[in-house]
Every structure is written in C-alpha cells, then in structure tokens.
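The block underneath contains the structure these notes are about, expressed in structure tokens.
The values are calculated or read from the model by the stated rules, or taken from the named source; none is laboratory data. Everything numeric here is computed off the predicted structure, so don't read it as measured data. Methodologically, a virtual Cβ is constructed for each residue, glycine included, from the backbone with ideal geometry; neighbour enumeration extends over all protein chains shown. Please note that ligands, DNA and RNA were not included when accessible areas were found on the heavy atoms of the full protein model with its side chains. Shrake-Rupley method; radii C 1.70, N 1.55, O 1.52, S 1.80 Å.
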Amino acid sequence: RLIQLTNGTNEELRARLSTLTERDQYYRRQMADIARDEGWSSPVIRELHGLQRELDSLNLIELGYIIKEHGYPGRSLVGNQGSAAIYIIQRADLATQQAYYPLLQTAAEEYELLRSEFAILTDKMRMAQALPQVYGTQVIRTANGMLDFYSIENEAEVEALRREMGLMPLVEYAKRVGITLKN
C-alpha cells in the first residue's frame, strides 16, 4: 500500500509532539557530542543520562494524555510527527510497551505508523523477554567485541517478513551496521 505524505490535520497536536521530540533528543545530542570527545564512560554522560531519563518519563506521561484524548497520533492526524510517539514507547519499560502494543499494532496495520517502526518495537520487546527476534532489527555485541544479530526466530522467513514490514534486506542492513554475515 502506498503511504501518502501528509502533515496531518491537527496542528496543535503536531506542535505538542514536536516538543516531545525536542525533549527526547535534548540530552541525547549532548551525550553524543561528549562521547565523541571523551568516550561513553565520561561521568558527565552518566549525569546527562539521568536527566534524559527524567525527560523520558515526562514525555511518556504527556504521550499518555495525548493517546487518551486522541488515540494513537498517527500519520493522518499529525503526519510524520507521529513517529515521536513510537520512539517514546520504544524507550519505555517492557510493561509500558506491552500495554501500548495492541494500539500500535492496529496503527501499523492501518498505515498510521510505519510498519518498520512497529517491527523494531516487536524485536526490542522480544529481546527484553529473552525471546528470539522476528524481523532481525536488533544487533548485539558478542563476547569478542564483534557486532552480530540477536537471535532470529525464523531465519528462513526473515527476508519475507522484513519485506512485509518495509525493512531493507538483511544483507543490506548487515552491511550498514557493520556485520559480516556467515554463509
């Protein structure tokens, strides 16, 4: 199905989500800058990470109000700004993700949410439960320091499943993230 680009119909809600996006990235940008110069083990990063967690909690509360009032803030309502909602939920704890999962599944089925974003959430949730991922979106660092895919449930079907969700082929994704696939 072709997804039409739109700004959505609710400007006020789009502005609220834009604020959530800014808060979502506020300390993360600073941490990335510091990590580039000092590495991720810098004490400043630990402090900023704590501040970012506080903002993430506020974002999740605000998103809860938005969803209660409007339902999932999807593409027809707020355009691409709706992706702020899925990112906030992806950063939440597993119980919160599970609570929103049916709503997000419906949004993905109705193309109100990019199916690829829903696939990423699905894999993150499965990984958090020590279950194999479905779509091959999650990467881990192995004991020898190399990157590899977290266990994939059905490797024979993963390409078809990725295609269905609008994800690039696994070989391309592996190359992009720096994984050498085994033949």
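Miscellaneous remarks
- Residue count, the range 20-49 (criterion: part of a helix (DSSP H, G or I) and free of Cβ contacts under 8 Å to residues at least 24 places away in the same chain): 19
- In this entry, ARG75 is excluded by the filter for residues that are of a type in the set (D, E, K, R) and farther than 30 Å from ARG163 by Cβ.
- Check on ILE67, among the aliphatic types (A, V, I, L, M), surrounded by fewer than 18 Cβ atoms within 10 Å (Cβ to Cβ), within 22 Å of SER18 (Cα to Cα) and modelled with pLDDT of 95 or more: yes
- Residue match in the range 36-57 (condition: surrounded by 13 or more Cβ atoms within 10 Å (Cβ to Cβ), basic (Lys, Arg) and within 17 Å of the chain's Cα centre (by Cα)): no
- Residue pairs whose Cβ atoms lie under 6 Å apart, separated by 6 or more positions or on different chains, with the first residue in the range 147-166 and within 21 Å of LEU104 (Cβ to Cβ) and the second crowded, with 16+ Cβ neighbours inside 10 Å and basic (Lys, Arg), are MET165/ARG115; GLY166/ARG115.
- Only one entry in LEU113, LEU104 is in a loop (DSSP other than H, G, I, E, B) and either at negative phi or at pLDDT 95 or above (or both), namely LEU113.
- The residues on offer are GLY136, GLY145, and the sole one that is assigned to a loop (DSSP other than H, G, I, E, B), open to solvent by less than 90 Å² (accessible area, probe 1.4 Å) and out of contact with any strand residue (DSSP E or B) (no Cβ under 6 Å at 6 or more places or on another chain) is GLY145.
- Residue that is nearest to ARG115 (Cα to Cα) [pool: residues in the range 149-183 that are open to solvent by 70 Å² or more (accessible area, probe 1.4 Å) and assigned to a helix (DSSP H, G or I)]: GLU164
- Number of residues in the range 58-93 that are under 13 Å from the mean Cα position of the chain (by Cα) and either part of a helix (DSSP H, G or I) or free of Cβ contacts under 8 Å to residues at least 24 places away in the same chain (or both): the value is 10.
- Number of positions in the range 107-133 that are of a type outside the set (A, V, I, L, M, F, W, C), open to solvent by less than 60 Å² (accessible area, probe 1.4 Å), farther than 19 Å from GLU153 by Cβ and without any contact (Cβ under 8 Å) to a residue 60 or more places away in the chain: 2
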